[in-house]
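Please treat every number below as a calculation from the coordinates, not as lab data. Everything numeric in this text was worked out from a predicted model, so none of it was measured. Every residue, glycine among them, receives a Cβ derived from its backbone with ideal geometry; neighbour counts consider all protein chains shown.
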Ligand code: PXG
């Protein structure tokens, strides 16, 4: 009966009901009400979404950086159905396990960078990062160094929206609630060449940007630092691409001061940069690797923390209970869906498609926009790209107020059938990784038209 009710409600009725009872993430609720309610999405197929107005959208964001295999893959629903019938839930606490989580752990051990062989499960990227923090602090305490508690993150980082996740973020807006960031989390400068007015292809900039991490360690005292956390490519902060030598030098610094390296692969994992993990793309050997999003292509909420031998070994040898876990850690349905998603990415050659087609094609079509009067820079890798808009191509100044032009372009893109995100004075793209050349052309054509219209109106 409920299904019939859901299917019979008009778009207008749904908007009204949503306004009455739904509090949304990252939403200005007054503005939402003034606009008469949210866009209500009805279904998706491939790289496209449809809303209750019957409008088709090319999803330039892959949901929220996550629908790597695209929408409407029936296999995942079938796997979920079978698993729910067989065992819909059981926990993995207290020495218990089940087949989907065991198989998923084996599969992840084979896929992740060498040395990452043990997996702890959660439901979101934020929970994965919270878990990583608890594991590294627990590790140092077990080593007799409980003073090693500080986690170094970076400006412009996005690591989540729990209290610890938001604290790890380096975006000032994420600290816009009392009490944040929590003590023990600090931020080093990011390798953000566009903003620094530097050349991102310059190895000297790569080394300098990495030295900001060393400077932060010195300021804090090496004996107090537990770990450094970073996204291989910063995603929500605006697709900030590490300059050459950056990750090599950051790793040297971590090793020099015996600081653990947590790599947040929540966006970069599962093909986004043209390899299974961004750690492969940038030759990173993490102690801990956090993953979510593309792990299930968003078909189920699931995340994992891959743990290297150093921390996992200490955990395994330690007597007593690790006091950490979530009811749904290693949920059997989510694990079964993640396994099927990983199979699809592998057997359909999606990683190769990103490397050989999506990356070069996005680079070419978006790259042509670098000459546009509003565009200062186009950058990206694989299936994650950004355009920086600017009022001055020499000084890199944004528009006034900050973000006003990017937001106008974003809004027009939605009107003309392209979903994208505005970040500061930029636009970011992370489409489903199955996107074809023709669909990339469509994306670029809509985007170019919107940039032209906004430029004409300014
Ligand atoms: N790490 C990274 C690198 C992320 O991008 C998280 C952790 C947190 O994951 P959960 O599943 O807890 O949301 C993310 C999430 C945006 C946007 O506006 C990006 C994310 C989340 C919400 C909005 O681009 N990334």
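The residue 404 and residue 368 beta-carbon pair, evaluated with R₀ = 25 Å, returns a calculated FRET efficiency of approximately 0.55.
Taking the average, over residues, of other Cβ atoms within 10 Å as the packing measure, peptides 300-308, 178-186 rank 300-308, 178-186 from highest down.
The stretch between residue 64 and residue 319, if pulled fully straight at 0.36 nm per residue, gains 87.8 nm over its current Cα-Cα span.
Restricting attention to segment 75-347, close to 45% of DSSP beta bridges with both partner residues there are antiparallel. Residues 216, 256, 293, 145, ranked from the fewest to the most other C-beta atoms within 10 Å, line up as 256, 145, 216, 293.
Its alpha carbons considered, segment 188-292 gives a radius of gyration followed by a Dmax of 13.2, 37 Å.
Below 8 Å, C-alpha to C-alpha, sequence gap of six or more: please give me the relative contact order for segment 45-146 in percent. That works out to 13 percent. Summary value for the chain: 20 percent relative contact order, contacts being C-alpha pairs under 8 angstrom separated by 6+ residues. Per-residue Cβ neighbour counts within 10 Å put 384, 84 in the sequence 84, 384, beginning with the fewest.
For residue 90 and residue 173, a Förster radius of 51 Å and the Cβ-Cβ distance give a FRET efficiency of 0.80, rounded to the nearest 0.05. Stretched out straight at 0.36 nm per residue, the stretch from residue 199 to residue 82 would grow longer than its current Cα-Cα span by 36.9 nm. The gain in end-to-end length when the residue 33 to residue 436 segment is fully stretched comes to 141.4 nm, 0.36 nm per residue minus the alpha carbon separation. Cα centroid distance between segment 211-256 and segment 391-458, in Å? Here the answer is 30 Å between Cα centres.
Mean sequence separation of contacting Cα pairs (under 8 Å, at least six apart), scaled by the length of segment 144-295, corresponds to a relative contact order of 22 percent. Based on the alpha-carbon gyration tensor of the chain and its eigenvalue square roots a ≥ b ≥ c, which shape applies: rounded if a/c is under 1.5, prolate if not and a/b is larger than b/c, or oblate? Oblate shape, in that a/c is at least 1.5 and b/c is the bigger or equal ratio.
Solvent-free Debye calculation, one equal scatterer per alpha-carbon of segment 75-347: log10 I(q)/I(0) at 0.15, 0.16 Å⁻¹ equals -1.10, -1.24. Ordering 379, 9, 272, 73 by the number of other Cβ atoms within 10 Å of each residue's own Cβ, fewest first, gives 9, 73, 379, 272.
Highest-first packing order for the peptide set 397-410, 312-325 is 397-410, 312-325, based on the mean count of other beta carbon atoms within 10 Å. In terms of the mean number of neighbouring beta-carbon atoms within 10 Å, the peptides 158-169, 13-24 order highest first as 158-169, 13-24.
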